[in-house]
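Down below is the structure, laid out as structure tokens.
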Amino acid sequence: MATVRKKAVKPDGIEKCPTGISGLDEVTGGGVPKGRSTLVVGGAGSGKTLLSMEFLINGATRFNEPGVFVAFEETAEELSKNVASLGFDVQALVAKKKLAVDYVYIERSEIEETGEYDLEGLFVRLGHAIQSVGAKRVVLDTIEVLFAGLPNPAILRAELRRLFRWLKSEGVTAVITGERGEQSLTRYGLEEYVADCVIFLDHRVTDQLSTRRLRVVKYRGSAHGTNEYPFLIDEQGISILPITSLGLVHEASTEKVPTGIARLDRMFDGGGFYRGSSVLVSGTAGTGKTSLAASFADAACRSGKRCLYFAFEESESQLVRNMRSIGLDMAKWTRKGLLQVHSSRPELQGLERHLVEMHKLIRDFEPQAVVVDPVTNLIKVGDRLEVTSMLTRLVDNLKMENITSLFTSLVTDAGGAEAAAGVSSLMDTWINLEDILSNGERNRGIMIMKSRGMAHSNQVREFSLTDRGLVIADAYLGPSGILTGSARETHEAQERAALTEQKNELKRKKREIERKRKLMQAKIEELKAGFEVDKEEMERIASEGREKDAASAAQQTVMAHMRKAD
Amino acid sequence: MRQSKEQTGTEIMENALETRGDKHFVLRLYVAGMTPKSTLAVANIKKICEDHLAGRYSLEVIDLYKRPALADGEQIIAAPTLLKKLPLPLRRFIGDMSNTEKIIVGLDLQPGKK
């Protein structure tokens with residue numbers, strides 16, 4: 001046997017056959033039941049044929065399980081052309097004997113029933129096709145055509161029952177597609193015969209936006225995800241968001257990533273955001289959310305990390321142009337391949353499609369930072385609950401991958417904080433930008449509402465957009481709260497003036513002292529000089545006295561001699 | 001009696017046959033093994049042909065089990081299936097051929113006409 005045995009033996013005993021469709025194997029816990037039949041139900045254009053074809057092609061190319069596609073609605077040529085647009089090369093696989101496509105043509109008007117019949121012809125064809133490629137997988141798309149093409153439903157039902165039994169005995173894993181019915185799950189009640197696994201595809205249009213969803217209705221003998229999962233059909237086939245792998249089990253990193261504004265980094269305990277955390281930047285219109293987001297993206301690229309920027313308001317070139325005005329050269333990072341800007345209108349597609357697309361882009365680009373600007377625009381395409389659930393999945397997914405994410409949220413003046421709060425509980429860090437109106441001016445204030453797991457500044461700071469990036473100014477408190485704009489400037493000027501004044505005063509005082517010291521010295525000199533004069537005078541007098549004494553003594557002697565005294 | 005359209009070999013032959021009298025019928029009966037249903041179908045169709053088309057039909061009975069590739073080519077789903085290849089248009093009859101009336105109408109044979 002050329003079959004690759006997967007590690008599919010689950011504890012619950014059901015052996016599974018991997019579909020290889022991204023996400024579906026996670027939802028079903030490993031794939032469809034091996035050796036049994038799975039019913040894929042959906043309305044027109046819900047992706048039944050594609051899902052089943054991808055199942056076969058993946059089997060042939062990745063799991064070494066050749067397959068047979070029995071088409072009741074399209075010819076082999078039509079089928080291979082239709083799926084070629086999704087990157088599947090059916091003809092090459094047919095040539096390699098990995099795949100057999102059999103087109104079953106039934107034209108009701110050509111057929112006349114003339115008695116009892118059976119579907120042995122179909123059995124023979126199927127058996128022949130299975131043998132010719134050694135098939136392990138079989139798709140019947142859409143077998144319900146038989147009901148329209150053949151008379152006598154009673155015989156048909158008995159034969160279908162026999163067909164599914166026979167498929168089981170052949171040991172092939174079968175996928176049967178069925179048209180969605182009004183009363184029962186399928187139009188002709190196929191679920192009666194194929195009861196092992198039922199997958200429901202839905203294509204819903206809400207507010208003119210369509211969303212594809214997949215749900216595993218039933219999976220006999222196995223646990224499975226029961227929710228509706230959004231899925232996407234694009235150039236690479238089907239992808240379903242692997243939600244079952246999500247949960248609150250991510251590793252928390254202590255590494256910090258810069259915010260792009262040095263002053264803001266300092267407000268966050270000196271390092272920035274935690275790596276892998278989610279950041280919400282909320283604010284009213286024109287408060288600088290995009291600029292803050294762009295600074296963050298710029299900082300990530302500057303440190304050599306890849307950043308994915310989802311712009312829901314601006315085109316890439318508009319973003320690049322606008323950010324150049326605050327001194328950020330985003331085009332440089334795009335050229336280096338570090339930044340990828342993905343611009344789209346939220347209204348372009350449904351919410352779930354956005355989510356799946358974002359998920360795919362993230363998977364392909366492997367960024368370390370993701371910016372969604374603004375996340376509130378998505379509310380336009382879904383209600384609050386949907387947006388919250390979508391964001392939960394996105395945030396969880398990003399955390400699992402340890403990607404730092406920044407979401408901007410436009411807050412309208414009326415009841416706006418609530419809009420931000422709707423998603424704020426998902427966020428680790430919440431920065432609020434607000435307008436501060438005072439003195440006939442509008443200025444921007446920045447404040448950290450919360451930051452899980454780190455000390456952070458509690459001050460409202462003013463920040464401004466300059467040609468050298470975003471600058472956060474010092475905080476001044478005035479009598480009516482924080483001083484901003486020209487009031488802050490005035491206050492700063494006053495402070496500066498006071499400081500100068502003080503300095504001048506000091507200088508003046510110093511000069512005064514110096515002068516006084518000099519005066520004092522001069523006086524000392526003067527006194528000294530006076531003292532010297534007096535001293536000299538005294539000495540002169542003293543010496544004169546002595547001379548006088550000597551002279552008088554001599555005189556006396558002379559006198560005495562003259563008088564011949566004694 | 002000649003048609004102005006471009007004619008294929010079979011059409012020429014068909015026309016030639018027509019000029020001689022009635023159309024020639026080319027019939028194929030596909031069965032899946034020799035089950036009671038199969039044998040019943042073979043017996044039924046043979047009788048109808050002999051009754052209505054004596055001398056101007058050819059009937060081939062094919063066992064799908066022996067020639068499975070033919071099932072694809074001829075778009076056979078049910079067994080037994082009778083294929084009226086000629087004259088055109090192509091018609092299919094499924095079942096054990098027990099409903100003679102339906103076959104006669106379907107093959108466009110006037111009942112009683114020899």
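The residues of segment A:42-98 that are assigned to a loop (DSSP other than H, G, I, E, B), farther than 26 Å from A:VAL217 by Cβ and hydroxyl-bearing (Ser, Thr, Tyr), listed by number, are A:THR75, A:SER85. Against the numbered list (1) modelled with pLDDT under 75; (2) in contact with a strand residue (DSSP E or B) (Cβ under 6 Å, 6 or more places away or on another chain), A:ASP207 comes up short only at (2). Looking across segment A:214-233, the residues that are free of Cβ contacts under 8 Å to residues at least 40 places away in the same chain and more than 14 Å from A:LEU39 (Cβ to Cβ) come down to A:THR226, A:ASN227, A:GLU228.
Looking at B:ARG56, B:ARG28, just one residue is touching an Asp or Glu at 6+ places or on another chain (Cβ under 7 Å) and either of a type in the set (Ser, Thr, Tyr) or more than 14 Å from chain A (Cβ to nearest Cβ) (or both), and that residue is B:ARG56.
Just the residues that are more than 7 Å from chain B (Cβ to nearest Cβ) and part of a helix (DSSP H, G or I), please, taken from segment A:101-113. Across segment A:101-113, the qualifying residues are A:ARG108, A:SER109. Beta carbons closer than 9 Å, at least 6 apart along the sequence or on distinct chains, pair a first residue in segment A:114-136 that is in contact (Cβ under 8 Å) with a residue 60 or more places away in the chain and more than 7 Å from every other protein chain (Cβ to nearest Cβ) with a second that is of a type in the set (S, T, N, Q) and surrounded by 23 or more Cβ atoms within 10 Å (Cβ to Cβ) for A:LYS136/A:THR173.
For A:SER317, indicate whether it is over 24 Å from A:THR284 (Cβ atoms), outside the structural domain of A:SER210 (by TED's automatic domain parsing) and modelled with pLDDT of 85 or more. So A:SER317 fits the description; yes. Filter segment B:40-53 down to the residues that are over 13 Å from the mean Cα position of the chain (by Cα) and more than 10 Å from chain A (Cβ to nearest Cβ) and list them by number. Result: B:ALA43, B:ASP51. Selection over segment B:92-110 of residues that are facing another protein chain (nearest Cβ under 7 Å), in a helix (DSSP H, G or I) and crowded, with 17+ Cβ neighbours inside 10 Å gives a count of 2. Counting only strands (runs of 3 or more DSSP E) that sit completely within segment A:433-485, those holding 2 or more residues that are in contact with a His (Cβ under 9 Å, 6 or more places away or on another chain) correspond to A:441-451.
As a summary of the residue check, A:GLU251 satisfies the conditions (1) surrounded by 23 or more Cβ atoms within 10 Å (Cβ to Cβ); (2) outside the structural domain of A:GLY445 (by TED's automatic domain parsing) except for the one numbered (1). Filtering segment B:63-78 to residues that are over 16 Å from A:ARG108 (Cα atoms) and either facing chain A (nearest Cβ under 7 Å) or buried (at least 18 other Cβ atoms within 10 Å of the Cβ) (or both) leaves B:LEU64, B:TYR65, B:PRO68, B:ALA69, B:LEU70, B:ALA71, B:ASP72. Among all positions in segment A:312-328, there is at least one residue which is surrounded by fewer than 15 Cβ atoms within 10 Å (Cβ to Cβ) and of a type in the set (D, E, K, R).
For segment B:46-64, a residue qualifies if it is in contact with a strand residue (DSSP E or B) (Cβ under 9 Å, 6 or more places away or on another chain) and in a loop (DSSP other than H, G, I, E, B), and the qualifying residues are B:LEU53, B:ARG56, B:LEU64. Residues that are assigned to a loop (DSSP other than H, G, I, E, B) and β-branched (Val, Ile, Thr) within segment A:144-169 are absent altogether. I'd like to check something: does segment A:491-512 contain any residue that is closer than 23 Å to A:LYS289 by Cβ and outside any strand (DSSP E or B)? No, that holds for no residue. Of A:SER80, A:SER37, which residue is buried (at least 19 other Cβ atoms within 10 Å of the Cβ), without any contact (Cβ under 8 Å) to a residue 24 or more places away in the chain and assigned by TED's automatic domain parsing to the domain that holds A:PHE164? Being buried (at least 19 other Cβ atoms within 10 Å of the Cβ), without any contact (Cβ under 8 Å) to a residue 24 or more places away in the chain and assigned by TED's automatic domain parsing to the domain that holds A:PHE164 holds for just one of A:SER80, A:SER37, which is A:SER80. Looking at this structure, is B:PRO89 within 11 Å of chain A (Cβ to nearest Cβ) and within 15 Å of the chain's Cα centre (by Cα)? In short, yes.
The values are calculated or read from the model by the stated rules, or taken from the named source; none is laboratory data. Values in this document were obtained by computation on a predicted structure and should not be read as measured data. Don't worry about glycine lacking a Cβ; one is built from the backbone with ideal geometry, like all the others, and counts go over all protein chains shown.
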